[in-house]
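*Asks:* Would you mind keeping the following structure in view while I ask a few things?
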Amino acid sequence: MLRADGRQSPGALAIQRGVLRHLAALGLTGIPEFCLASGRRADIAALDGKGEIVIVEIKSSIADFRADLKWPEYRPWCDRLFFAVAPDFPLEILPDDTGILVGDAFGAETIRPAPLHPMPAATRKALLIRLARAGAGRLSRLYDPDISGLPDF
């Protein structure tokens, strides 16, 4: 069984669950804790049926948002960038050029759509391969938790 890696607070895990449900309802498949080629770890990377890639950065508190200045580094690795927050989070402090999702453990809602910033074709291809390998590797680990040799995305 796959488990959270232990770095997320209970609040962040609740938002993650709700956002994954919301994305699925919109036709996107999300992978939590996805490691980008840059070495950064996206809270959720999601893919739609056309190959558009969305990154969701989860912020469980104002302190978490203010302490984390790495979010602009996700922009080159996605077509759309969202922040996902709890219902009581002050939305006015979030950047204007990102989408906003508000969620809890049961679901989420798109408050502001994310603007489209299309990736270059070569970046998209590399990222699609990385996402496919990450998804397949995680599925393989469900079938055999002792499997070795798989990349850790």
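The values are calculated or read from the model by the stated rules, or taken from the named source; none is laboratory data. As the structure is a prediction and not an experimental result, all values here were calculated from the model. Positions of Cβ are backbone-derived with ideal geometry, glycine not excepted, and every protein chain shown enters the neighbour counts.
*Asks:* Residues that are closer than 20 Å to residue 151 by Cα and in a helix (DSSP H, G or I): does segment 63-81 have at least one?
*Replies:* Yes, segment 63-81 contains a residue that is closer than 20 Å to residue 151 by Cα and in a helix (DSSP H, G or I).
*Asks:* Kindly indicate which of 18, 49, 103 is in a strand (DSSP E or B) and either out of contact with any Gly (no Cβ under 9 Å at 6 or more places or on another chain) or more than 30 Å from residue 146 (Cβ to Cβ) (or both).
*Replies:* Step by step, each of 18, 49, 103 is checked, and only 103 is in a strand (DSSP E or B) and either out of contact with any Gly (no Cβ under 9 Å at 6 or more places or on another chain) or more than 30 Å from residue 146 (Cβ to Cβ) (or both).
*Asks:* Is there any pair linking a residue in segment 56-74 that is more than 12 Å from residue 84 (Cα to Cα) and without any contact (Cβ under 8 Å) to a residue 60 or more places away in the chain to one that is among the aliphatic types (A, V, I, L, M) and outside any helix (DSSP H, G or I), with Cβ under 7 Å and at least six apart or on different chains, and which?
*Replies:* Short answer, once both residue conditions are applied: 74/42; 74/55; 74/81.
*Asks:* Let me ask another. Among what's in segment 109-153 and is in a helix (DSSP H, G or I) and among the hydroxyl-bearing types (Ser, Thr, Tyr), pick the residue that is modelled with the highest pLDDT.
*Replies:* Residue satisfying both the conditions and the ranking: 123.
*Asks:* Looking only at residues that are among the basic types (Lys, Arg) and out of contact with any strand residue (DSSP E or B) (no Cβ under 7 Å at 6 or more places or on another chain) in segment 21-60, which one is surrounded by the fewest Cβ atoms within 10 Å (Cβ to Cβ)?
*Replies:* If we take residues in segment 21-60 being among the basic types (Lys, Arg) and out of contact with any strand residue (DSSP E or B) (no Cβ under 7 Å at 6 or more places or on another chain), then 50 is surrounded by the fewest Cβ atoms within 10 Å (Cβ to Cβ).
*Asks:* Considering (1) aliphatic (A, V, I, L, M); (2) modelled with pLDDT of 95 or more; (3) more than 9 Å from the chain's Cα centre (by Cα), say which one residue 44 fails and leave the rest.
*Replies:* (3)
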